[in-house]
Amino acid sequence: MTTKNRATLTTDLQTAFPDNGSGLITPSVLRDQQTDIIDSFAALLDDRVSVIVVAVGSHAADQGPTATDTSHQVLFGAGGTITGDMTINADGSVTCGTTGSYLFFTNLTYGRSSGVSFAEIFIRILIDGAQVGGSGINRFNNADTRLTKSVTFTQNLTAGDVFTMEIVRDSTGDDDGGLFVSNPTAAGWEDVPSSSIAIYKLGFSV
């Protein structure tokens with residue numbers, strides 16, 4: 001039979017099932033209508049959301065602002081690209097190569113190593129240099145802190161758009177803190193990068 005949209009199925013239903021005063025509703029008409037409905041729903045179920053990793057990167061060195069109230073663009077290593085849909089550049093920017101919807105998954109390992117009071121580190125996301133959404137904040141009272149935090153979000157992008165992530169050490173607190181690498185002493189454990197990113201392209205496949 002035939003796959004049909006909601007409007008067509010509704011019209012067919014009204015046409016195929018009039019008041020049955022003249023015996024117009026037959027087993028054959030009923031079977032055809034029900035088969036169209038089954039085929040139409042089956043087509044929807046056959047569509048699957050696809051999630052394809054398109055770029056992965058990480059930075060294996062400490063990084064952070066050089067002074068308070070000075071933004072630092074987060075580096076993700078020279079990750080390059082996997083599919084050409086996204087390219088991670090050495091300066092931390094990520095260039096979109098193909099228009100579409102993308103899922104970003106980032107890990108940042110915050111820390112500080114000195115200071116006598118608290119430190120505040122803000123974070124923001126930018127597309128083509130303009131901030132998207134609100135800022136985030138991490139406040140550290142301990143002078144010896146390491147903490148990994150994740151930021152996950154989806155974004156519709158056009159080919160040529162550039163994603164960046166920035167942190168700033170606010171002057172309301174100590175001039176201390178940034179993103180740090182951590183090294184486990186346990187055998188077989190990988191080091192923790194100061195930052196990492198994985199980008200997935202979202203879509204539908206049949």
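The values are calculated or read from the model by the stated rules, or taken from the named source; none is laboratory data. Note that the structure is predicted; figures quoted are calculated from it, not measured. All Cβ positions, glycine included, derive from the backbone under ideal geometry; neighbour counts span all protein chains shown.
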Search region 161-173 for residues that are in contact (Cβ under 8 Å) with a residue 24 or more places away in the chain and pair each with any residue that is aromatic (Phe, Trp, Tyr) and part of a loop (DSSP other than H, G, I, E, B) when their beta-carbon atoms are under 8 Å apart and the residues are at least 6 apart or on different chains. 173/118
Any chance you could count how many residues in region 111-124 are assigned to a strand (DSSP E or B) and either surrounded by fewer than 18 Cβ atoms within 10 Å (Cβ to Cβ) or modelled with pLDDT under 95 (or both)? 6
Residues that are closer than 21 Å to residue 148 by Cα and of a type in the set (A, V, I, L, M, F, W, C), drawn from region 95-125: 103, 104, 105, 108, 118, 119, 121, 122, 123, 125
Unique match (being under 16 Å from the mean Cα position of the chain (by Cα) and either surrounded by fewer than 17 Cβ atoms within 10 Å (Cβ to Cβ) or not hydroxyl-bearing (Ser, Thr, Tyr) (or both)) among 106, 98, 83, 70: 98
Does residue 162 count as over 27 Å from residue 98 (Cα atoms), in the same structural domain as residue 113 (by TED's automatic domain parsing) and modelled with pLDDT of 95 or more? no
If I filter region 102-110 for residues that are in the same structural domain as residue 197 (by TED's automatic domain parsing), hydroxyl-bearing (Ser, Thr, Tyr), in contact (Cβ under 8 Å) with a residue 40 or more places away in the chain and assigned to a loop (DSSP other than H, G, I, E, B), do I get at least one hit? no
Examine region 78-96 for a residue that is in the same structural domain as residue 175 (by TED's automatic domain parsing), in contact with an Asp or Glu (Cβ under 8 Å, 6 or more places away or on another chain), modelled with pLDDT of 95 or more and not basic (Lys, Arg), and state whether such a residue exists. yes
